[in-house]
2 protein chains.
Amino acid sequence: MVEGVNFIGKTTSCEGAQTFRAYDPQKNKELSEQFSIATRQEVGQSLQKAQEAFLAYRHVSGHRKADFLDQIAEEIMGLGNELVERASAESGLPTGRIEGERGRACNQLKMFADLLREGSWVDARIDKGEPDVRRMLVPLGPVVVFGASNFPLAFSTAGGDTASALAAGCPVVVKGHESHPGTNELVSGAIIKAAQKTEMPDGVFSSLNGGPEVGGDLVRHPLTKAVGFTGSFSGGKAIFDMAQQRDEPIPVYAEMGSVNPVFLLDDKLAASAEELAEQYAGSVNLGVGQFCTNPGLIIAKEGSDLDTFKKVLAEKLNDNPTGCMLSPKISKSYKQQRTRMFEQSGIEVVAAPEEESQTRGAGAVAATTAEYFISNEKLGEEVFGPFTLVVSCSDDAQMHQVANSLEGQLTVTFMGEDEELADRKLLIDTCREKAGRIIFNGVPTGVRVCQAMHHGGPFPATIDSKFTSVGTTAIERFVRPVAFQDCPEILLPDELKDDNPLGIHRIVDGNLTR
Amino acid sequence: MVEGVNFIGKTTSCEGAQTFRAYDPQKNKELSEQFSIATRQEVGQSLQKAQEAFLAYRHVSGHRKADFLDQIAEEIMGLGNELVERASAESGLPTGRIEGERGRACNQLKMFADLLREGSWVDARIDKGEPDVRRMLVPLGPVVVFGASNFPLAFSTAGGDTASALAAGCPVVVKGHESHPGTNELVSGAIIKAAQKTEMPDGVFSSLNGGPEVGGDLVRHPLTKAVGFTGSFSGGKAIFDMAQQRDEPIPVYAEMGSVNPVFLLDDKLAASAEELAEQYAGSVNLGVGQFCTNPGLIIAKEGSDLDTFKKVLAEKLNDNPTGCMLSPKISKSYKQQRTRMFEQSGIEVVAAPEEESQTRGAGAVAATTAEYFISNEKLGEEVFGPFTLVVSCSDDAQMHQVANSLEGQLTVTFMGEDEELADRKLLIDTCREKAGRIIFNGVPTGVRVCQAMHHGGPFPATIDSKFTSVGTTAIERFVRPVAFQDCPEILLPDELKDDNPLGIHRIVDGNLTR
């Protein structure tokens, strides 16, 4: 049952006079429930409670935090079809995709639970001698997480940011995304229930409804110690600027836009232009193009192979029916950005949808040459939706120039035969400086959740290229080291005690031991 | 021989018309050499050359970078007495201290060389399966390092920032501190010589003379990817703000002010008030108080034990002769800040020097009560020099209030018997949120260079509490992760190859292996 409430810790709250409703983009109508927009007072209460909870939560053992995370996953699964249907209604995403995303969100929670039970993530280091110095990672304090429009489950209320912050030992205050407040409420209720069942301190999790104003109040609140965000460049950059202008600047981990360039190398393109086109039509269209890793830029040498690729890509995209987009706003924005792209000089329209209703979108392809691309930075901007721009180069040198002109990206992909990949080491090196992940002979969509994943990249893909929002190392965003010098054994955290009661990996006098 | 030049890679350069001279605070006179202030063009040339060097340097093996760092240490030692005398003349620090600092700087270089030879610092992670994902840390690109006034060797031209950035694989452009340009030139020459002997790419190191204008040009240059700074809050914060306002914001690792609070607990104070006073007089006076870890705040329960402590502290400081400070500017500033502190309401002057010449300073002590301290934030500000403020509390609760009122600090120290330390866990916990290092029964001055050291702390002690400027983990400031997905073996860096040719520790499919 969705009631339109905020959660301040375990207490529901509806102080504000302002409300809003969710919108079902598939049915093209507003949903009935009214959601209470949090007041500035409620923002303050949630952070005050988070800070109080932090004093206890920072000392909760890894095993108990792991039980909490596992319990969240269990409570989310326990919501059953109500959650799946609500998330589908609020996002326009098919129930199958929502079920998959739910699995991903639960797996992330369990992955962090495993990380906590193993325990070595605290990067404990001990140097005996005089003085005796021991350090480990400790949580930063209350973290604000912004829900993401395109992942109502895996990057929102109980998504990777929340999971990694809670794992780190930081209480979380979520600002639910305005598009899916019901989903947010259901998942928030599940987290609160899990917190109560596993006896976590009240205030370890809060969840507020609202727009940029509530978001701004959360970011500016002096008790907030870090922010997690996934969304547009303009949104992420605005939050970052606000956070740096505070009396105490705080880190903002914003995963923003990316066009995820794909280089089709000559031999591969010659050998399989049609297969590549088919593979990439699927990737461009996946989730109606609403992934941060959507391949929005394809770069190849001009010629008949590329002509074939473009032709088949256009056919496959034209064959595909329109898809429901996340919201009327995103659908409108997709069409505007696409039209603006089509209107740039030097742009050839390769595939354009004939007709799309208000909330639907279909795949589109434009093409241009390297000269036009390099001279007009608008051509490198993201069109959020199922769109890709094909850039043709006259030779290897020009392809390298295109690579040099790229901004920071989440991913860069190379489609090539082994031999030609080895020959293009310099091109790959150039792209390595531009990206957080280099993919070979695959598609950028689909981000495996694992220890080695890096989902981030140089600005403007993210604010801080050192951190990832996917994978176990996402926990590093919400911790800082503390050193204890000549600390009596009784006051040392278990992680740093002489006899290593937790059995974790530690660097002792320079040697990794367990 | 000091010539007053800038180094743009291995090329000396003196394009600008403006010059300045160094000042000998011991002899109270200007030194003869004129130093050329770098022009904006020279700033651009140094970063352009750094970027070109980066393309090669990023691929230089750990072993070769280690040889480079070791060679720098050797070249610095090879400068012999000329360096020691010059650094002493430009800083007012005695030659014995300079020799000690030189040893520290060389040991830091060798510590990073060892880290590189061992190789596991790249945090390699491999997840086999579909897709196969492997990640490691790679260098950010050109780094700008600001020399620090109070450590002409260990935190300046070849100090910890430069050593860790070069170890990470980042070329460095140093802006030498204006107080010791001759020292900077000698050390820069040593680094250039080491780079040539070990065949590093030209541009891996540059060094420019100048003030805030040159610093600003370096920070704003689009090729600069990160900044290292040790100095005042106003200097560090200005650089940070400038860096965040760039089109591409970049990280600024600024280690700034700290008053390094010391809590004297009851039993310890009762048992050894005089010994504590003697110990702390030594720490307050060390290096004429010009350390970032100088104990500027001492907190204890009011009473006869504290009276004894204050009395003996004052005596010991008064017994001590004045010391030569780093520069007339710093000496003047010390006296101004001290006077301002003495003039605050509720301040008792416990010890004040009778007479100090223009460039000298002597130890001073003020005292106040917890009420005054908590209600006047000026009393928590750093007085850079041999000054400390003693705050008396009426009871444990008030001592906790003082702890709660503290800003972020590099260190917090507890002087206590084992039993009372165990009883004050909550106080220690509160201080843990405020500091980067917690010291028990010692003095904050003296920062051991080791794996477990954390020399950083919550804002305003540093900009980013996640990073340290001392110890091996300082290298983490200048790297970011990159993931390789389904990468052909031939293109994988050695660190990520199947057979682990470097023999480093890696997390493979979730298990730490070698």
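The values are calculated or read from the model by the stated rules, or taken from the named source; none is laboratory data. This is a predicted model, so every value here is computed, not measured. Note: ideal-geometry Cβ built from the backbone for every residue, glycine included; neighbour counts use all protein chains shown. Side chains are part of the model used for accessible areas, which takes the heavy atoms of the whole protein and leaves out ligands, DNA and RNA. Shrake-Rupley method; radii C 1.70, N 1.55, O 1.52, S 1.80 Å.
Every condition in (1) of a type outside the set (Gly, Ala, Ser); (2) surrounded by fewer than 24 Cβ atoms within 10 Å (Cβ to Cβ); (3) more than 7 Å from every other protein chain (Cβ to nearest Cβ); (4) under 30 Å from the mean Cα position of the chain (by Cα) holds for residue A:444 except the one numbered (2).
Mind listing whichever residues of the stretch B:17-54 are touching a residue at least 12 places away in the same chain (Cβ under 8 Å), of a type in the set (Lys, Arg) and closer than 17 Å to residue B:87 by Cα? Scanning the stretch B:17-54 gives B:21, B:27. The set of residues from the stretch B:207-237 being outside any helix (DSSP H, G or I), open to solvent by less than 30 Å² (accessible area, probe 1.4 Å) and either over 24 Å from residue B:329 (Cα atoms) or touching a His at 6+ places or on another chain (Cβ under 7 Å) (or both) comprises B:224, B:226, B:227.
Going by the conditions given, is residue A:65 over 17 Å from residue A:222 (Cβ atoms) and modelled with pLDDT of 95 or more? Criteria met by residue A:65.
Table: residues versus (1) buried (at least 24 other Cβ atoms within 10 Å of the Cβ); (2) within 8 Å of chain B (Cβ to nearest Cβ); (3) at pLDDT 95 or above.
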| position | (1), (2), (3) |
| --- | --- |
| A:460 | no, yes, yes |
| A:468 | yes, yes, yes |
| A:474 | yes, no, yes |
| A:477 | yes, no, yes |
| A:498 | no, no, yes |
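Just so you know, in the stretch A:419-434 the residues that are facing another protein chain (nearest Cβ under 7 Å) and in contact with a strand residue (DSSP E or B) (Cβ under 8 Å, 6 or more places away or on another chain) include one that is surrounded by the fewest Cβ atoms within 10 Å (Cβ to Cβ), and it is A:432. Scanning the stretch B:151-160 for residues that are open to solvent by 10 Å² or more (accessible area, probe 1.4 Å) and in contact with a Phe, Trp or Tyr (Cβ under 7 Å, 6 or more places away or on another chain) yields no hits at all. Close contacts from the stretch A:498-510, counting a first residue that is on the phi > 0 side of the Ramachandran plot and a second that is polar (S, T, N, Q), with Cβ to Cβ under 7 Å and a gap of 6+ residues or different chains, come to A:510/B:451. Restricting attention to the stretch B:336-364, the residues that are over 13 Å from residue B:320 (Cα atoms) and either in contact (Cβ under 8 Å) with a residue 40 or more places away in the chain or assigned to a loop (DSSP other than H, G, I, E, B) (or both) total 11. Checking the structure you have, find out if any residue of the stretch A:125-143 is touching a His at 6+ places or on another chain (Cβ under 7 Å) and either surrounded by fewer than 19 Cβ atoms within 10 Å (Cβ to Cβ) or over 21 Å from residue A:79 (Cα atoms) (or both). Checking the stretch A:125-143: at least one residue is touching a His at 6+ places or on another chain (Cβ under 7 Å) and either surrounded by fewer than 19 Cβ atoms within 10 Å (Cβ to Cβ) or over 21 Å from residue A:79 (Cα atoms) (or both). The set of residues from the stretch A:167-184 being in a helix (DSSP H, G or I) and under 23 Å from residue A:221 (Cα atoms) comprises A:167, A:168, A:181, A:184.
Return yes when residue B:286 is over 26 Å from the mean Cα position of the chain (by Cα), part of a helix (DSSP H, G or I) and assigned by TED's automatic domain parsing to the domain that holds residue B:429 and no when it is not. Considered against the rule, which asks whether it is over 26 Å from the mean Cα position of the chain (by Cα), part of a helix (DSSP H, G or I) and assigned by TED's automatic domain parsing to the domain that holds residue B:429, residue B:286 comes out as no. Tell me the residue from B:145, B:172, B:84 that is over 20 Å from residue B:60 (Cα atoms), more than 14 Å from chain A (Cβ to nearest Cβ) and touching a residue at least 24 places away in the same chain (Cβ under 8 Å), please. Selected residue: B:145, the only one of B:145, B:172, B:84 that is over 20 Å from residue B:60 (Cα atoms), more than 14 Å from chain A (Cβ to nearest Cβ) and touching a residue at least 24 places away in the same chain (Cβ under 8 Å). Among the residues of the stretch A:361-386, just one is of a type in the set (S, T, N, Q) and either touching a helix residue (DSSP H, G or I) at 6+ places or on another chain (Cβ under 8 Å) or surrounded by 24 or more Cβ atoms within 10 Å (Cβ to Cβ) (or both), namely A:368.
Can you find even one residue in the stretch A:63-74 that is surrounded by fewer than 17 Cβ atoms within 10 Å (Cβ to Cβ), over 30 Å from residue A:496 (Cα atoms) and in the same structural domain as residue A:157 (by TED's automatic domain parsing)? Yes: one or more hits. Within the stretch A:172-195, if we keep just the residues that are more than 14 Å from residue A:12 (Cβ to Cβ) and polar (S, T, N, Q), the residue that is least open to solvent (accessible area, probe 1.4 Å) turns out to be A:183. Only residues that are open to solvent by 20 Å² or more (accessible area, probe 1.4 Å) and among the hydrophobic types (A, V, I, L, M, F, W, C) were counted in the stretch B:278-317, giving 3.
Out of the residues in the stretch A:23-52 meeting the condition of being within 27 Å of the chain's Cα centre (by Cα) and within 14 Å of chain B (Cβ to nearest Cβ), tell me which one is most open to solvent (accessible area, probe 1.4 Å). For the stretch A:23-52, the residue satisfying everything is A:51.
Checked against (1) under 18 Å from residue A:145 (Cβ atoms); (2) open to solvent by less than 10 Å² (accessible area, probe 1.4 Å); (3) away from every other protein chain (no Cβ under 13 Å), residue A:264 passes all but condition (1).
Within the stretch A:2-16, no residue that is touching a residue at least 40 places away in the same chain (Cβ under 8 Å) and closer than 21 Å to residue A:31 by Cα sits with its Cβ atom under 7 Å from a residue that is open to solvent by 70 Å² or more (accessible area, probe 1.4 Å) and small (Gly, Ala, Ser) at 6+ positions apart or across chains.
Reported count of residues in the stretch B:2-20, each being under 28 Å from the mean Cα position of the chain (by Cα) and either among the aromatic types (Phe, Trp, Tyr) or surrounded by fewer than 16 Cβ atoms within 10 Å (Cβ to Cβ) (or both), is 4.
Against the list (1) under 28 Å from residue B:249 (Cα atoms); (2) aromatic (Phe, Trp, Tyr); (3) within 11 Å of chain B (Cβ to nearest Cβ), the condition residue A:372 fails is (3). Out of A:449, A:482, report the one residue that is closer than 25 Å to residue A:61 by Cα, open to solvent by less than 10 Å² (accessible area, probe 1.4 Å) and either among the hydroxyl-bearing types (Ser, Thr, Tyr) or facing another protein chain (nearest Cβ under 10 Å) (or both). Just one listed residue meets the conditions, A:482.
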